[in-house]
Each structure stands twice: as structure tokens, then as C-alpha cells.
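*Asks:* This structure is in C-alpha cells; I'll ask about it shortly.
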Amino acid sequence: MTATDPRSDEELLRAHVAGDPDAFGLLFRRHRDRLWAVAVRTVSDREDAADALQEAMLSAHRAAARFRGEAAVTTWLHRIVVNACVDRLRRRQTHATVPLPGQAGPDDDDRGVGRHEPAAPTTDHDTAMVVRAALAELPYEQRAALVLVDLQGYSVAEVAVMMGVAEGTIKSRCSRGRARLAVMLGHLRNLSGDGDVRPDTTAQPRDSQITPRGGA
């Protein structure tokens, strides 16, 4: 529930299916920041992340009537976002390089993607860029699992539902991904006081950047 609307996620989704023109938009705004974080860290490019999230929310908007409540609405939404991101990464597989996370594209000024991130100290910013670039080098299944478990804080069981695989598969993907990151980021091990490498968590969408169509 939110301060502006007392309805639960399930109630908002049912209201949307019943014809409430505002319900889905309220539901999306309630979870927008976390969905955006998953998208931008999974595809490692803000423009692609915005497109993937837009596609995912359009899919969710159209598929709402088929939601049966086997999982929480947030889990359902995250699964759609992850699937949209993975599909986009698969389509992009033939490209020779992966865009550097945070790199400005030619249309950034027009689209407003990432234009209002809080300032960060130079050292922290550089470290975050290195970490995000390393994350972008992982296979997309490992990257998505690590983003959801290690960065977003979801349980292995929740992520297994989101990605439609067994819990053991998520554990394996996380383990392999962490091992690869440890090799790529070994030189950063002593940059923080406790030895941890902290990813950048500042990326947020603008309110007007991603808005579901179809009345939401």
C-alpha cells in the first residue's frame, strides 16, 4: 500500500482488469524504481533498459487478466521485466561489443535517460563504473540472477520464480557469476574499508521517462 492509494498490489491489478484507467499506472509507479534498477543493471545500457521496461510493462498491462495469484504481483512484474531484458540481450548477442554502462548515447539529451543522477565522489564513481562494466561482461542469465539476488535483495526462491527455473539453477548462476566477478574485480578488493566492492545504486528513471501506454 502507499500513502496515496490504500489498495494492495493485487487490488490495483484487479481494478485495472475491471476497467479502472488509473490502476495500472499507480501499480507501476509504486514499483518503478526497483523495476528500473533491475532493467538497467541487467542490460547495462540505459536506452535499452528503458525500452525493455516499456516492453515489459506493455506486456504486463495486456496480460493482467491472466494473473492467477500463484506469486506476488511484484514477483510477476519482475519476471516480465527480466524476460524482456533477457530477450533484448539475446537479440543483441550478435554485436561485437557491449556498451559501457552509463555511457551517454546520442539521444540521451532528448530522452532524458540518466540525466539526473546524484553526484558521486570521483573515486566511488570510477569504481562503480568498473563494477558495472564487469557485470555487463557476464552471460545474461548469470547477470540477471546476480542483479536480483545480490543487488536487489530477493531470495533465491523468489528469483527462481521470476526467471522460471529451479532454485538450484539460480544458486549455480550466482556462484559462477560471483566467481567471474571476483577475478575481474580482484584489483578493487582493497578500495573499501571492509574489502567489499560496492556497485553503483544511483541510477533512477525520470518520472516521465517510462510510462505504460494503454491508459496506465
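The values are calculated or read from the model by the stated rules, or taken from the named source; none is laboratory data. Here the structure is a predicted model, which means the values were calculated and not measured. Here the Cβ positions follow ideal geometry from the backbone for every residue, glycine too, while neighbour counts run over all protein chains shown. Side chains included, ligands, DNA and RNA excluded: accessible areas come from the protein's heavy atoms. Shrake-Rupley method; radii C 1.70, N 1.55, O 1.52, S 1.80 Å.
*Asks:* Among the residues of the range 34-42, are any modelled with pLDDT of 90 or more, among the small types (Gly, Ala, Ser), open to solvent by less than 10 Å² (accessible area, probe 1.4 Å) and closer than 14 Å to Tyr140 by Cα?
*Replies:* yes
*Asks:* Filter the range 17-62 for residues that are small (Gly, Ala, Ser) and either in contact with a Phe, Trp or Tyr (Cβ under 9 Å, 6 or more places away or on another chain) or over 25 Å from Val149 (Cβ atoms) (or both) and give the result. Outline the logic, then answer.
*Replies:* Within the range 17-62, the first condition is being small (Gly, Ala, Ser), and the residues that meet it are 18-19, 23, 25, 37, 39, 44, 49-50, 52, 56, 59-60.
If the condition is that a residue be small (Gly, Ala, Ser) and either in contact with a Phe, Trp or Tyr (Cβ under 9 Å, 6 or more places away or on another chain) or over 25 Å from Val149 (Cβ atoms) (or both), then Ala18, Gly19, Ala23, Gly25, Ala49, Ala50, Ala60 are the ones that fit.
*Asks:* From the set of residues in the range 137-159 that are crowded, with 20+ Cβ neighbours inside 10 Å and of a type in the set (A, V, I, L, M), which is farthest from Thr42 (Cα to Cα)? Reasoning before the result, please.
*Replies:* Taking the range 137-159 first, the residues crowded, with 20+ Cβ neighbours inside 10 Å are 138, 140, 142-149, 154, 158-159.
Still in the list and also of a type in the set (A, V, I, L, M): 138, 144-149, 159.
Values: Leu138: 10, Ala144: 5, Ala145: 9, Leu146: 9, Val147: 7, Leu148: 9, Val149: 12, Val159: 14 Å.
Among them, the one singled out is Val159.
*Asks:* Separate question: Can you tell me which of Gly195, Gly102 is at positive phi, modelled with pLDDT under 55 and more than 18 Å from the chain's Cα centre (by Cα)? Talk me through it step by step, then tell me what you get.
*Replies:* Details: Gly102 fails: more than 18 Å from the chain's Cα centre (by Cα).
Going through Gly195, Gly102 in turn, the sole match is Gly195.
*Asks:* Then there's this: Can Leu13 be described as in contact with a Lys or Arg (Cβ under 9 Å, 6 or more places away or on another chain), over 19 Å from Gly153 (Cα atoms) and part of a helix (DSSP H, G or I)? Give the steps one after another, and end with the answer.
*Replies:* Values: in contact with a Lys or Arg (Cβ under 9 Å, 6 or more places away or on another chain): no; over 19 Å from Gly153 (Cα atoms): yes; part of a helix (DSSP H, G or I): yes.
Taking the combined requirement at face value, the residue does not satisfy it.
*Asks:* I've got another one for you. Search the range 58-93 for residues being open to solvent by 20 Å² or more (accessible area, probe 1.4 Å) and at pLDDT below 85, and hand back the single one that is nearest to Gly25 (Cα to Cα). Write out each step before concluding.
*Replies:* To start, the set of residues in the range 58-93 that are open to solvent by 20 Å² or more (accessible area, probe 1.4 Å) comprises 58-59, 61-62, 65-72, 74, 76, 79-80, 83, 87-88, 90-93.
Going one step further and asking which of them are at pLDDT below 85, we end up with 70, 90-93.
Values: Glu70: 22, Arg90: 29, Arg91: 28, Arg92: 29, Gln93: 32 Å.
Among those that are open to solvent by 20 Å² or more (accessible area, probe 1.4 Å) and at pLDDT below 85, it is Glu70.
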